Amino acid sequence: MPDTSYDLVVIGSGPGGYVAAIRAAQLGLKVAIVEREALGGVCLNVGCIPSKALIHSASLFREGKAALEAAGAKVDLSGFDYAAVWRGSRKAADRLSKGVGFLLKKNGVEVLKGEAKLEGPRQVGVTGIGRVDAAAIILATGSRPKTVPGFEFDEATVLSSTGALMADSLPRRLIVLGAGAIGMETAFVMNAFGVDVTVVELMERVLPLEDAESAALVAKEFQRRGVKLLTGMKASRLERGASGVVLALSDREGAESSVEADRILVAIGRTPNTEGLGLEEIGIRLERGFVPVGAWQETQVAGVYAIGDIVSTPLLAHVASKEGEIAAERIAQLLKEGPAPAETHVDPLLVPNAVYCEPELASFGLSEERAIAAGRPHRVARFPYRGVGKAVATERPDGQAKLVLDPATGAILGASIVGAEATELVHELLVAARAELRLEDLADAIHAHPTLSELVMETARAGLGRAIHA
């Protein structure tokens, strides 16, 4: 039987929960973590990790086939088995889930398997175990795919993101409803493996939360590869049949049309998992479905903290992890009289966004459109991938980096990169913005040649009016 009293009980073992638990244990707290399913939460099991494994396989598949054909080889795909690719993604997820278990054990965190419910501001009931007491509680229960009436998931023909990742076979035709990161990443994978893909988006462009110019570059490449993009279209009705689905659409003027497919992925957002936790019973009132928090992620009830997808910060694994660290360090400060956390909250303008399709898109801070909408004085600097030697040598010359700059100081207000390894390259710019470096600091730092990171250096030089290779 587990102990019944802890310094901290964390509910949920996703990237927010397990990071918080480990950080608290490192700071000397006695910690337990409650999980009803597999360790690692959505991200490791049916989200970030298996999806990136599939994206990697899709990239190798597409690029390998193209390289062989360019060399004059005939490629026979008759033996292709998507189930084997899918099994590889599951192995990656299982390996990392077990890794989380190892890390929790290594740090002395006790894992309580079961469903958790708050029985008071200092008590957690766990099914099959009973009540445990805690000096502090962190809620890290994550989110699930959002549903809308008429588009309920059956995970056979109408798929959630979870259903899409758990399917071990490919449809001949797929509709993707929603052109955010999940929708576009899935569209890339399916298209790379030969599926006829149609993406439907209510907004006027794909990736509507990203810089418009950058999103347009992604859209252009998707269309070049045969993905049909239907933007500015409302999905009004879904009909299910023995042979698949028919999606009825209407445009801004009310003109109606339809598209048919074997399956449809509904990727229109996520819903926080706050039901059944006993929040209202202890005095926590939700706002628009989310748990409101103040400094250090503390809720309306002292000693109870909330992190990750159940709060109204960006629904990203790395945001949840950082919030978990902030909350854990605050709790340790209060219980162990340790140092104060370096930060009281996550700055949304310093959160990297990453879309792992091809071309990749990564960004942070203000986009050009948001700067305009906010009336913020700014100027823009751009540099193309084709001006970078390694991008040309490795046949990845498409894309660009774009900086939004303060016209008076040159400070980086935001950035967007579209192209090869964009999700890696963006962090040099992010660190520069966080550290309040000057453009000269980036422009004058010697970058190894040839590397893709020269893109960052050249974009900074472009911002100074002295780019060399463009």
(request) Identify all residues within the range 393-416 that are of a type in the set (S, T, N, Q) and outside any strand (DSSP E or B); write none if there are none. (result) 394, 409
(message) Given the options 371, 381, name the one that is part of a helix (DSSP H, G or I), at negative phi, modelled with pLDDT of 95 or more and within 27 Å of the chain's Cα centre (by Cα).
(response) 371
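For the structure I just gave you, tell me whether residue 63 is surrounded by 13 or more Cβ atoms within 10 Å (Cβ to Cβ) and either free of Cβ contacts under 8 Å to residues at least 24 places away in the same chain or among the hydroxyl-bearing types (Ser, Thr, Tyr) (or both).
Details: surrounded by 13 or more Cβ atoms within 10 Å (Cβ to Cβ): yes; either free of Cβ contacts under 8 Å to residues at least 24 places away in the same chain or among the hydroxyl-bearing types (Ser, Thr, Tyr) (or both): yes.
Considered against the rule, which asks whether it is surrounded by 13 or more Cβ atoms within 10 Å (Cβ to Cβ) and either free of Cβ contacts under 8 Å to residues at least 24 places away in the same chain or among the hydroxyl-bearing types (Ser, Thr, Tyr) (or both), residue 63 comes out as yes.
Give the residues of the range 131-166 that are open to solvent by 30 Å² or more (accessible area, probe 1.4 Å) and in a strand (DSSP E or B), sorted by residue number. Walk me through how you get there before you give the answer.
Residues of the range 131-166 open to solvent by 30 Å² or more (accessible area, probe 1.4 Å): 131, 133, 135, 141, 144, 146-150, 152-157, 162, 166.
Passing the criteria: 131, 133, 135, 144.
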(request) Name the residue, out of 299, 271, that is of a type in the set (Ser, Thr, Tyr), touching a strand residue (DSSP E or B) at 6+ places or on another chain (Cβ under 9 Å) and buried (at least 22 other Cβ atoms within 10 Å of the Cβ). (result) 299
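Please determine whether any residue of the range 354-363 is touching a residue at least 40 places away in the same chain (Cβ under 8 Å) and in a helix (DSSP H, G or I). It would help to see each step written out before you state the result.
Filtering the range 354-363 for residues touching a residue at least 40 places away in the same chain (Cβ under 8 Å) gives 354-363.
With in a helix (DSSP H, G or I) added as a condition, the list becomes none.
The answer is no, given that none of the residues of the range 354-363 is touching a residue at least 40 places away in the same chain (Cβ under 8 Å) and in a helix (DSSP H, G or I).
For the range 444-464, what are the residues that are of a type in the set (A, V, I, L, M, F, W, C) and buried (at least 19 other Cβ atoms within 10 Å of the Cβ)? Steps first, answer last, please.
Taking the range 444-464 as the starting set, the residues that turn out to be of a type in the set (A, V, I, L, M, F, W, C) are 445-446, 448, 452, 455-457, 460, 462, 464.
452, 455, 456, 457, 460, 462 - these are the residues of the range 444-464 that are of a type in the set (A, V, I, L, M, F, W, C) and buried (at least 19 other Cβ atoms within 10 Å of the Cβ).
Would you call residue 260 among the acidic types (Asp, Glu) and at pLDDT 95 or above? Quick ask: steps written out before the conclusion?
On the way: among the acidic types (Asp, Glu): yes; at pLDDT 95 or above: yes.
Considered against the rule, which asks whether it is among the acidic types (Asp, Glu) and at pLDDT 95 or above, residue 260 comes out as yes.
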(request) Would you point out the residue of the range 232-257, among those that are closer than 19 Å to residue 197 by Cβ and of a type in the set (S, T, N, Q), that is modelled with the highest pLDDT? (result) 257
(request) Return a yes/no flag: does the range 77-98 have any residue that is open to solvent by less than 60 Å² (accessible area, probe 1.4 Å), more than 22 Å from residue 170 (Cβ to Cβ) and assigned to a helix (DSSP H, G or I). (result) yes
(request) State the number of residues belonging to the range 167-184 that are over 23 Å from residue 77 (Cα atoms) and either touching a helix residue (DSSP H, G or I) at 6+ places or on another chain (Cβ under 8 Å) or open to solvent by less than 10 Å² (accessible area, probe 1.4 Å) (or both). (result) 8
(message) Just to check your reading of the model, which residue among 173, 144, 87, 131 is over 26 Å from the mean Cα position of the chain (by Cα) and in contact (Cβ under 8 Å) with a residue 60 or more places away in the chain?
(response) 131
(request) Please find, among 266, 291, the residue that is buried (at least 18 other Cβ atoms within 10 Å of the Cβ), within 27 Å of the chain's Cα centre (by Cα) and either closer than 26 Å to residue 127 by Cβ or modelled with pLDDT under 95 (or both). (result) 291
(request) Could you identify the single residue in 240, 205 that is out of contact with any Lys or Arg (no Cβ under 6 Å at 6 or more places or on another chain), closer than 29 Å to residue 397 by Cα and open to solvent by 20 Å² or more (accessible area, probe 1.4 Å)? (result) 205
(request) Return yes or no: is residue 106 surrounded by fewer than 22 Cβ atoms within 10 Å (Cβ to Cβ) and within 30 Å of residue 23 (Cα to Cα)? (result) yes
(message) Within the range 418-437, take every residue that is over 11 Å from residue 364 (Cβ atoms) and not aliphatic (A, V, I, L, M) and give me the one that is surrounded by the most Cβ atoms within 10 Å (Cβ to Cβ).
(response) 419
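Right, residue 382: out of contact with any helix residue (DSSP H, G or I) (no Cβ under 8 Å at 6 or more places or on another chain) and among the charged types (D, E, K, R) or not?
no
Could you identify the single residue in 373, 327 that is crowded, with 23+ Cβ neighbours inside 10 Å, more than 21 Å from residue 424 (Cβ to Cβ) and not β-branched (Val, Ile, Thr)? Please lay out each step first, then the result.
Working: 373 fails: crowded, with 23+ Cβ neighbours inside 10 Å.
It is 327.
Yes/no matrix, rows are residues, columns are (1) surrounded by 23 or more Cβ atoms within 10 Å (Cβ to Cβ); (2) in contact (Cβ under 8 Å) with a residue 12 or more places away in the chain; (3) aliphatic (A, V, I, L, M):
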site	(1), (2), (3)
7	no, yes, no
15	yes, yes, no
18	yes, yes, no
24	yes, yes, yes
27	no, yes, yes
34	yes, yes, yes
37	no, no, no
41	yes, yes, no
58	no, yes, yes
(request) Output yes when any residue across the range 417-440 is outside any loop (DSSP other than H, G, I, E, B), over 29 Å from the mean Cα position of the chain (by Cα) and not basic (Lys, Arg), and no when none is. (result) yes
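The values are calculated or read from the model by the stated rules, or taken from the named source; none is laboratory data. For clarity, every value in this text was computed on a predicted model and none was experimentally measured. Note that each Cβ is placed from the backbone with ideal geometry, even for glycine, and that neighbours are counted across all protein chains shown. Just so you know, the surface numbers come from the protein's heavy atoms only, side chains and all, with ligands and any DNA or RNA stripped out. Shrake-Rupley method; radii C 1.70, N 1.55, O 1.52, S 1.80 Å.
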